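K.L.:
Quick one: structure below, then a few questions.
Any read-out appearing in this document is the output of simple, stated calculations on the displayed coordinates, not a laboratory observation. Remember, it's a predicted structure, so these values are computed and weren't measured experimentally. A quick note on method: Cβ atoms are made from the backbone with ideal geometry, for glycine too, and the neighbour counts reach across all protein chains shown.
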Amino acid sequence: MFSILKDWREQRVLDNSEFTHADWMQAAERIVILDRLDEDEMTRLFELATLFLHDKSITGAQGFEITDAVRRSIALQACLPILNLSLEWYAGWSSIIIYPGSYTSESTTVDEFGIVHEGHQHRSGEAWLRGPIILSWKDAKHSGERDGHNVVIHEFVHKLDMLNGRANGFPPMQPDMDPTRWTETMERGFADFQKHRKAGLDRYGATNPAEFFAVLSEVFFETPQKLMDAYPDIYEIMVKFFCQTPLGPKS
Ligand SMILES: [Zn+2]
């Protein structure tokens, strides 16, 4: 019964969408990393993004104007990690705040209140436990260019991580996943990354296990071969977690 009501509600939102398929296609063409998706996946991503925009509020700070292009760009990239999961993975919070550029924050506390900070004095993004996601458009607008950096995916992956408490690099597992394998694989990788540089992987990932997971997720969706080259075992568990194979199906 509840699922029928949910489906009906979702269908109503989709039917009343302010954006057409062509609008979404135009937005998707600007996000290079989406070009691996087939037609069905792309349509599903557009539907997810439509529901996402209905559920979440996106507001500008410091006079930043939230245009339809900004909303579509954020929604598409935010929904890529949950393309084969569901919007339930972003439950429990509703606000995204966008600054025109990097910003400084009064808060200097890291993690004690469940807040994850990026950058040093200047920040390009933050994800608050049960609170908003904050992004700098200057950084976010370059996301999706297949350069291995994606602040949108980074912050939204922190939200997946926070579904079972503070961000710690251990999100809820999929039913067919072995939590011990996840922990051991990520711990082994994190220990190695703290000692060794890896081509295409941002050193910021060495900060703590939560940043390691978020930074490697950026690479998983942007430049997956770099992750496969550096940590094939982490690529494999991320395939299971995100239920996606950005390098394509195994031959
Ligand atoms: Zn982070």
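K.L.:
Would you point out the residue of the range 119-138, among those that are more than 12 Å from the ligand (Cβ to nearest atom) and not in a loop (DSSP other than H, G, I, E, B), that is nearest to Ala49 (Cα to Cα)?
P.N.:
Top of the filtered list is Trp137.
K.L.:
May I pose another question? Within the range 193-208, take every residue that is in a helix (DSSP H, G or I) and touching a residue at least 12 places away in the same chain (Cβ under 8 Å) and give me the one that is nearest to Arg181 (Cα to Cα).
P.N.:
In the first step, residues of the range 193-208 are kept if they are in a helix (DSSP H, G or I); the result is 193-195, 203-206.
Filter once more, so that each one left must be touching a residue at least 12 places away in the same chain (Cβ under 8 Å): 193-194, 204-206.
Details: Phe193: 18, Gln194: 20, Tyr204: 24, Gly205: 20, Ala206: 20 Å.
Out of the qualifying residues, it is Phe193.
K.L.:
Filtering the range 71-86 down to residues that are of a type outside the set (Val, Ile, Thr) and assigned to a loop (DSSP other than H, G, I, E, B), which residue is surrounded by the fewest Cβ atoms within 10 Å (Cβ to Cβ)?
P.N.:
Looking at the filtered set, the residue picked out is Ser86.
K.L.:
Look through Ala199, Ala206, Ala210, Ala191 and report the one residue that is within 11 Å of the ligand (Cβ to nearest atom) and out of contact with any Ser or Thr (no Cβ under 9 Å at 6 or more places or on another chain).
P.N.:
Result: Ala210 is the single residue among Ala199, Ala206, Ala210, Ala191 that is within 11 Å of the ligand (Cβ to nearest atom) and out of contact with any Ser or Thr (no Cβ under 9 Å at 6 or more places or on another chain).
Here's the yes/no breakdown for (1) touching an Asp or Glu at 6+ places or on another chain (Cβ under 8 Å); (2) not acidic (Asp, Glu):
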site: Asp23; (1), (2): yes, no
site: Gln26; (1), (2): no, yes
site: Glu41; (1), (2): no, no
site: Ile58; (1), (2): no, yes
site: Ala91; (1), (2): no, yes
site: Tyr103; (1), (2): no, yes
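K.L.:
Looking at the range 213-225, which of the residues that are in contact (Cβ under 8 Å) with a residue 40 or more places away in the chain and within 13 Å of the ligand (Cβ to nearest atom) is surrounded by the most Cβ atoms within 10 Å (Cβ to Cβ)?
P.N.:
Ala214
K.L.:
For Arg146, are the conditions met, namely being outside any helix (DSSP H, G or I), in contact (Cβ under 8 Å) with a residue 40 or more places away in the chain and more than 13 Å from the chain's Cα centre (by Cα)?
P.N.:
Here the answer is yes, as Arg146 does meet what is asked.
K.L.:
Would you please name the residue that is nearest to Arg123 (Cα to Cα), looking only at residues in the range 150-167 that are within 12 Å of the ligand (Cβ to nearest atom) and in a loop (DSSP other than H, G, I, E, B)?
P.N.:
Asn150
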